[in-house]
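Visitor: Quick one: the structure is below, and I'll ask about it shortly.
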Amino acid sequence: MPRPLVARIDHAALRHNLALARSLAPQSKLMAVIKADAYGHGLLRVARALAAADAFAVLTLDDAVALRDAGHRQPILLLQGFYEAVELGEIVDHQLAIVVHEVGQLNALLETRPRRPIDVHLKLNTGMNRLGLPAADYADAVSRLRVWSGLGELTLMTHFATADEAAGVDWQMRCFDAITAGLDAPRSLANSAALVRHPQTRCEWVRPGIMLYGVAPNVETAPADLDLRPAMTLSSRIISVQTLAAGERLGYGGTFVAEQPTRVGVVACGYGDGYPRHAGTGTPILVEGVRTRTLGRLSMDSLYADITDLPQAGVGTPVTLWGEGLPAQEVATSAGTVAYQLLCGITRRVPVVEVNGVA
Ligand SMILES: *Cc1c(COP(=O)(O)O)cnc(C)c1O
């Protein structure tokens, strides 16, 4: 028998979440964000499942070219644009759109004479202070782009820092609206949190990522409350059972000490598979669909589930690490991280099976 750990990717869930995202902004075009190997779900398989998206966004040129080679004809946006002007040849060859977010990058672009026009998403820094032109430089950048012979379509873009928090988006929207007033061009603003929570951000384009994978964009909301379905379920089985007497310790460092007789199911999944190393005792886990907790410090290849109250559980009993029945967000919170990191941190040794695909 192969190692029982597997990541199941549900195409029907991906399609469902896409339709749900669309229903929130029916007037907008939808750019599906599939960076980081589609948040760990597999770039090409997710692109296939989300083929109805109006456009895709990725980080790397390699990913964009792989999408073109697989036959995807939609606009594809490079989220950080190009890093060196030599990349522009391939960008033009594959008709990729680029984010321009920095003035040196803009200058380098304007010095080139591409064989075909390039679509540019010109990013404005409205307060996140990560990427984007300063407000004072934006109108000038638009003017310079518009007289450049290489420009295809221009889109005005920004990104929100607190769309999933109490501070919301209005403080950034005020900046965006003021700086772009009178500039006649399509806009692209909303990530998942903004799309779900801030209707005023739904404009010509929306750019959801995490919600397409079935994760609620703010941690207080359960995905099911938004009717999102998990696209990835990570599951395994118990491969050994240990019985601890009161006072006995478990695992590396012996960090867990049994206070009472404790039955432990050793599960075939560890940090070598991408399960978060900092998930301590008490992280939720499903054993045969029943919610229990992990115990102690996990290792590279295995972790421990408390099956004291599950006498029927033993070697071979199925376990869900996250996904169907257990939102990744809950495991992430226990580990002091976010669901994004769990999903895109699945390692190469985890076999993937696809379900509900269409031929
Ligand atoms: C990653 C990313 C998104 C998608 O964000 P989610 O929170 O996953 O919806 C949108 N826009 C930009 C610029 C991004 O980098």
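No value in this document is a laboratory result; all are computed from the given coordinates. Computed from a prediction, not measured in an experiment: that's the story for all the values here. Here the Cβ positions follow ideal geometry from the backbone for every residue, glycine too, while neighbour counts run over all protein chains shown.
Visitor: Can you give the convex hull volume of the alpha carbon atoms of the chain per residue, in Å³?
Guide: Considering the Cα atoms of the chain, their hull volume per residue is 148 Å³.
Visitor: Residue farthest toward the positive end of the dipole of segment 11-216, with Cβ of Lys/Arg at +1 and Asp/Glu at -1: which of I179, G40, L79?
Guide: Selected residue: G40.
Visitor: Another question about this same structure. Rank the residues K29, K123 as a footprinting-exposure proxy: fewest other Cβ atoms within 10 Å of their Cβ go first.
Guide: K29, K123
Visitor: A further question on this structure: Mind listing the phi-derived Karplus ³J(HN,Hα) values for segment 239-248, rounded to whole Hz, using 6.51, -1.76 and 1.60 with θ = phi - 60°, and x for any glycine or proline?
Guide: Residue by residue, segment 239-248 yields 10, 6, 10, 10, 10, 9, 7, 3, x, 6 Hz.
Visitor: So if each residue of separation counts as 0.36 nm, and I subtract the Cα-Cα distance between A139 and A167, what length gain in nm does that give?
Guide: Numbers: separation 28, 0.36 × 28 = 10.08 nm, distance 2.68 nm.
Net length gain for the segment: 7.4 nm.
Visitor: Just want the ordering: R202, R115, from fewest to most Cβ atoms lying within 10 Å of their own Cβ.
Guide: R115, R202
Visitor: Please give, to one decimal in nm, the separation of the simple spin-label points placed at Q95 and R291, each 7 Å out from Cα toward the Cβ.
Guide: It is 4.9 nm.
Visitor: Quote the charge dipole size of the chain about the Cα centre in Debye, to the nearest 20; the model charges only the Cβ of Lys and Arg (+1) and of Asp and Glu (-1).
Guide: Charge dipole, the chain, about its Cα centre: 440 debye, nearest 20.
Visitor: Could you calculate the FRET efficiency of A85 with M1 from 1/(1 + (r/R0)^6), where r is the beta carbon distance between them and R0 is 45 Å, rounded to 0.05?
Guide: 0.25
Visitor: Ignoring everything except DSSP H segments at least 4 long, calculate the 222 nm mean residue ellipticity for the chain; use -39,500 (n - 2.57) per segment, divide by total residues, nearest 500. Please list the in-between numbers first.
Guide: Working: 11 runs with 91 residues, N = 359.
Calculated from helices alone, the mean residue ellipticity at 222 nm is -7000 deg cm²/dmol.
Visitor: When the dipole is taken about the Cα centre of segment 140-254, and only Lys, Arg (+1) and Asp, Glu (-1) are charged at their Cβ, what size is it in debye, to the nearest 20? Walk me through the intermediate numbers first.
Guide: Working: 10 positive and 12 negative charges, 62 e Å.
Dipole about the Cα centre, nearest 20: 300 debye.
Visitor: Follow-up. Could you give me the ³J(HN,Hα) list for segment 301-314, computed from phi with Karplus coefficients 6.51, -1.76, 1.60 and θ = phi - 60°, whole Hz, x at Gly and Pro?
Guide: Whole-Hz 3J(HN,Hα) from phi for segment 301-314: 10, 8, 9, 10, 10, 6, 10, 4, 9, 10, x, 6, 6, x.
Visitor: Please get the size of the charge dipole for segment 56-163, origin at its Cα centre, with Cβ charges of +1 on Lys and Arg and -1 on Asp and Glu, quoted in debye to the nearest 20.
Guide: Computed charge dipole of segment 56-163: roughly 300 debye.
Visitor: Shifting gears a bit: Within the chain, what percent of beta bridges assigned by DSSP are antiparallel, to the nearest 5?
Guide: For the chain, the DSSP antiparallel bridge percentage is about 50.
Visitor: Based on the Cβ-Cβ distance from E220 to E111, what FRET efficiency comes out when R0 is 56 Å, to the nearest 0.05?
Guide: 0.70
Visitor: Stretch A66-A246 to full length: gain in nm at 0.36 nm per residue minus the Cα-Cα span?
Guide: 59.3 nm
Visitor: Name the residue farthest towards the positive end of the dipole of the chain from the options P208, G325, P223, assuming +1 on Cβ of Lys and Arg, -1 on Cβ of Asp and Glu, about the Cα centre.
Guide: G325
Visitor: Pop the C-beta distance of E204 and S299 into the FRET formula with R0 = 51 Å and round what comes out to the nearest 0.05.
Guide: On the way: r = 49 Å, r/R0 = 0.97.
Result of the calculation: an efficiency of 0.55.
Visitor: Okay, moving on. Shape verdict for segment 11-216, please, from the Cα gyration tensor: rounded (a/c under 1.5), prolate (a/b greater than b/c) or oblate.
Guide: Verdict is oblate for segment 11-216.
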